[in-house]
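The block underneath contains the structure these notes are about, expressed in structure tokens.
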Amino acid sequence: MATVDPRDSAPTPNGVPERERRQRRDQGRDHGTGGSALAGIRVVELADASGVYCGKLLGDMGADVIKVERPGGDPTRGLPPFINGRAGVRHGAFFLYMNTNKRGVVLDLDKSDDRKLFAALVADADLLIETTRPGELDGIGLGYTTLARANSGLVMTSITGFGQDGPRRDWTSSDLIASALGGAMHVTGYANDPPVRLAGSQTHVMASTYAAVASMIALHHAARTGEGQHVDLSIQDAVVSTTHICGIGKWLDDGMIARRSGPGLFASVPSGAYRCKDGLVYLMVNRPLHWKALAEWIREETGIEEVLDPMFEGPSSNRIPYRELLDVYIGDLAERFTVQEMYHEGQRRHIAFTPVSDIDDVVRDPQLEARRFFVDISHPEYDSLRMPGAPYRHARTPWRIARAAPSVGEHDDVILGPLRRAHAASTSPPVDAAADGTGRRASSATETPAPRGTRTSTTTDDAAIPPAHRAHGNPRALQHLRVVEFTSAMAGPWVGRFMAFAGAEVIRVESHARPDVVRLYVPPRAPELGTQPELSPWFTDWNAGKQFIALDLTNAGAIEIAKRLVGIADIVVENQTSGVMEKLGLGYETLRQVRPDLIMLSTSGFGDSGPCARYVTWGPNIEALSGLARLSGFSDRDATTTQYAYPDVVSALHGLFGVLCALRHRRATGEGQYINLSQYEATCAVLGPAFVEHLANGGTPAKVANGALDAAPHGCYRAAGDDEWCAIAIHTDADWARFATIVDTAWARETRFRTAGGRLANVRALDQLVETWTRSRTAHEAADTLQRAGIAAGAVQHVEDLMQRDPHLAARHLFEELPHLAKGTVMATGVPLGLTGTPGCSGRTGARVGEDNAYVFGQLLGMSTAEIDAAVSAGAIETPLTEREETSNE
């Protein structure tokens, strides 16, 4: 039955009925991406370096993104490095990569007329992305409340260093400062080095990706109800969430503060970088069978019989006391092979070995070549530009680049021209002009939002939504969706965790015979208890709010039950090794027969094709393989990795964004689709500017660690106390003048430091002098002093700082208390999507394998008690284990 949009008959400020305005604006198409998932979505972007990737993600999936720049162009145009050394507004690798598929206009928001034009643009938009300081747009009459009066369905996503509220909301941030205050730097690098950030401004990339996910969820809600909302995305919150593996759950469980310790991981033994004849390989062993395969290979090649001792077997925690000894054994093995030999032979044995690649290795990787990952785009000033391609592959609505980054004001005439002409003729400019010079919008296929309360999903009735799927009594944005997971570890489950937080019913399929690695948890304070499958803090972080069933998918009866479940679901998420779902009889082509409009996300290390498609990887393997470990860190370090499996976060958030794009397409067309995500490719995508530079200029991108190519001082400086550090980022001469006044020493007044060029030329001496100041005070004292003067600074915080000493995180309630079926309650890092209109809510955790069998099989599938009992007897359905049974199954 067709729905009626309550806005259809409402007049807009220029007197045109809403329905006619939408039809008129959607007739034109300038983006050239027919069939794109986000065709019909208009985005206005007013963003600096911290938010441009959000607009890129949306634009590359078909949204019409209008980039608003100041006169002379956005400052990000001047970020080095430059293509062919040509400094200028169109030659920066960062700008060229981060602004594909955007159209550009210039507005001076200090001028009244241009503010009116900006308001008219936003009045015709679905989404505004902005990164101004909190309160800045309100101060010029362009805040959310004002803009929403003219466009009630507007989603406004604000990406700021610390969010819109809290005691530090007005602090100055940067990638370096966010890395420090969010806990990332403390667990990245080597114990004897200063803390170090990742290459490529990854805190901004991740904040933008969180923002893209939140924006799509808010747009989904707006499409259903006509109600927009303000999304408040804090970069610090996003970084704390990104590093949650080292976060409060682990710390409260073992009392140990995670610290940087080189490429080896605190929770996985063995793991790390090992030297071969011609380079480094990365190894991570997380499963008992993988250890057995590695031990046997070591014995075969080296004759070391001791490596087969049973004391090394079982979960990774059993091997932690023997880390150094096992590293010796593995080193003896690795030195006998080249990197490629170790890589491929190890993978033949199902052991997660990958090269520690530099950026040129990545560009020449046969796996990426086979999947044609790198793409060439046309550009008016170059024959072509080559850059990373799709971070996800949609079968029906593929990612594509239709246009290069815009020149300054390139689309002023076609976008602003009609608005200016209308303004000249009337004091009330029309809000529907914008796109192709004819007053028509640049893309089509927009959907008509349903009025509040109208049900358009085929899955879940409003009345049937359990209380657990409502936040503070209010329905949540994804409450009408049902998701089925065939997942393990983090990269897959985290997709479902976010969807459950936003209201979806998420059902996870597990088996006692093949337990998830996160279930192999031995409590560090009580190892005598053995494996405790419900107690892992990471199980909570990745699975709170889900329903759990137990099926033995090697049993034909279980496969049929799984198909019945998919038949009443909207989305399937799986991260098994490529080919496993097809082998089980649960591949996409099979499942779409039972649910034709199914959306299915398959995520794996290498994707579903190519010579390495069935290779085994974990997040840290991808850090090494993608070039990130080589690009990051100090110049004398060959492999700098995180302790928080960064590519797992990258993959999960990109996968979720891809699902939300497919969901938008399904609402518009009724079509489902298959999405394939390679974690390798997604991680390369977040390093895009480095690849653009290398592919255009050759050579290896500069390894800057905590420094910057265009700013000094810019680094991490030792402070008073043990392993205490303060990050400082000074970008302008005005910043330096204020810093010099605070320091008040002779060296700070030296002529050689007065300009950015002088400071960069003398950066080593400058860094040493800055550290003489920071070492005389605590990191928090130094940061507080500098922030009061408007200088970007922050203490390098660890988990205890985040939980107990950061007043801002406390004020924003990032950490949440969750109900736990075994412990009563637990603390966990929240999901920082910033949805102010449809706030999410984390549900219960601590569920057993099969905890929700009765609900899912009985209530959802309508199986009778006799049917369920028969399936149990046949081995298709597995029943939850008692505590005694769990212990005996170790």
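The values are calculated or read from the model by the stated rules, or taken from the named source; none is laboratory data. Predicted, not measured: the structure shown is a model, and the values here were computed from it. No Cβ is skipped: glycine too gets one built from the backbone with ideal geometry, and neighbour counts run over all protein chains shown. Remember, those area values only see protein heavy atoms, side chains included, never the ligands or the DNA or RNA. Shrake-Rupley method; radii C 1.70, N 1.55, O 1.52, S 1.80 Å.
What to note about this one:
- When the Cα positions of 394, 842, 426 are compared along the charge dipole of the chain, 426 comes out farthest toward the positive end, with charges on each C-beta of Lys, Arg, Asp and Glu.
- The alpha-carbon atoms of region 502-598 define a convex hull whose volume equals 113 cubic angstrom per residue.
- With K and R counted +1 and D and E -1, the other residues having a Cβ less than 11 Å from that of residue 536 yield a net charge of -2.
- Net charge over other residues, Cβ less than 9 angstrom from the Cβ of residue 220 (K, R count +1; D, E count -1): +3
- Length-normalised contact order for region 693-770 - Cα pairs under 8 Å, 6+ apart - percent: 27 percent
- 1.4 Å probe accessible area per residue over the chain, in Å²: 35 Å²
- Applying the Kirkwood pairwise sum to the alpha-carbon positions of region 617-753 produces a hydrodynamic radius of 18.7 angstrom.
- Probe 1.4 Å - accessible area at residue 780, Å² to nearest ten: 50 Å²
- Relative contact order computed over the chain (Cα-Cα under 8 Å; 6+ residues apart), in percent: 18 percent
- Accessible area of residue 841 (1.4 Å probe, protein heavy atoms only, ligands and nucleic acids ignored): about 40 Å².
- Pairs of Cα atoms nearer than 8 Å and 6+ residues apart set the relative contact order; for region 483-527 it is 43 percent.
- Over all other residues within a Cβ to Cβ distance under 11 Å of residue 701, the charged ones net out to -1, with Lys and Arg as +1 and Asp and Glu as -1.
- The share of accessible area on region 100-199 that comes from carbon and sulfur is 44 percent, using a 1.4 angstrom probe.
- When only the Cβ of Lys, Arg, Asp and Glu is charged (+1, +1, -1, -1), the dipole of the chain relative to its Cα centre reaches about 2100 debye.
- Once all protein chains are placed together, residue 636 keeps about 110 Å² accessible to a 1.4 angstrom probe.
- Computed Kirkwood radius, in angstrom, where 1/r is averaged over Cα pairs of the chain: 28.1 Å
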